[in-house]
Amino acid sequence: MYSIEEMRRTIERHAIRLTPQRLAIVEALSKYPGIFSVGDLQRRLAISNPDLGRATLFRAIDLFVRLGLLEKVHREEGEDGYIVGVTGHHHHLICRICGDVRHIDFCPIQKEIDEIVLKEGYSDSVHRFEIEGICAICREKSLKKRKKEAGSGS
Ligand SMILES: [Zn+2]
Ligand SMILES: [Zn+2]
Ligand SMILES: [Zn+2]
């Protein structure tokens, strides 16, 4: 996951002005280890930056996605989320309950994809996919809850 410093450097390297608003967004992003929506980010920023409008936020997020600082993550349910990016080809394992995201830093299907692409006469392929599941912490919590419910019932 990119640090504040790496995000700042990337923005400067692209000759993009780091406005106070963009800096506030970068700082807020560095505190997010998990998946978030634009609404989540807006709520986080509302107290320290009440003037930050939704349109500005959307534009900044769009810019950060183009720079690779943020990654858009498709979710089976609800709106698409964002996470702070990492470099290199990778995939995500996402907890559908708490939004915890693990970066899987190797590709389990690269070989199969290369074969398909080659067979069809294509080149320069890209692909992405996400894996959703329930993380160990959430599974533990739901097990405890179920045990408690079963206990109080008798
Ligand atoms: Zn990622
Ligand atoms: Zn979880
Ligand atoms: Zn892959």
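The values are calculated or read from the model by the stated rules, or taken from the named source; none is laboratory data. The shown structure was predicted, so the numbers you read here are calculated from the model rather than taken from an experiment. Glycine gets a Cβ as well: all are built from the backbone with ideal geometry, and neighbour counts include every protein chain shown.
May I ask you to say which residue of Arg43, Arg8, Arg17, Arg66 is within 28 Å of His91 (Cβ to Cβ) and either loosely packed, with under 13 Cβ neighbours inside 10 Å or assigned by TED's automatic domain parsing to the domain that holds Ile131 (or both)?
Going through Arg43, Arg8, Arg17, Arg66 in turn, just one is within 28 Å of His91 (Cβ to Cβ) and either loosely packed, with under 13 Cβ neighbours inside 10 Å or assigned by TED's automatic domain parsing to the domain that holds Ile131 (or both): Arg66.
Would you mind stating whether Ile104 is surrounded by 10 or more Cβ atoms within 10 Å (Cβ to Cβ), more than 11 Å from ligand 2 (Cβ to nearest atom), in contact (Cβ under 8 Å) with a residue 12 or more places away in the chain and on the phi < 0 side of the Ramachandran plot?
yes
Yes or no: Val84 within 16 Å of ligand 1 (Cβ to nearest atom) and touching a helix residue (DSSP H, G or I) at 6+ places or on another chain (Cβ under 6 Å)?
yes
Does Ser48 count as farther than 25 Å from Arg17 by Cβ, among the hydroxyl-bearing types (Ser, Thr, Tyr) and outside the structural domain of Phe129 (by TED's automatic domain parsing)?
no
For the stretch 1-74, please list each of the helices (runs of 4 or more DSSP H) lying entirely inside it that holds at least 1 residues being at pLDDT below 90 and within 17 Å of the chain's Cα centre (by Cα).
Output list reads 4-13, 20-29, 38-46.
Condition test on Lys111, is it farther than 29 Å from Met1 by Cα, charged (D, E, K, R) and without any contact (Cβ under 8 Å) to a residue 40 or more places away in the chain?
no
Let's see how each residue does on (1) away from ligand 3 (no atom under 15 Å from the Cβ); (2) more than 19 Å from Thr10 (Cβ to Cβ); (3) not β-branched (Val, Ile, Thr):
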residue	(1), (2), (3)
Leu45	yes, yes, yes
Arg66	yes, no, yes
Asp80	yes, yes, yes
Ile83	yes, no, no
Thr87	no, no, no
His91	no, yes, yes
Ile97	yes, yes, no
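Has the stretch 85-99 got any residue that is in contact with a Leu (Cβ under 8 Å, 6 or more places away or on another chain) and touching a residue at least 12 places away in the same chain (Cβ under 8 Å)?
Scanning the stretch 85-99 turns up at least one residue that is in contact with a Leu (Cβ under 8 Å, 6 or more places away or on another chain) and touching a residue at least 12 places away in the same chain (Cβ under 8 Å).
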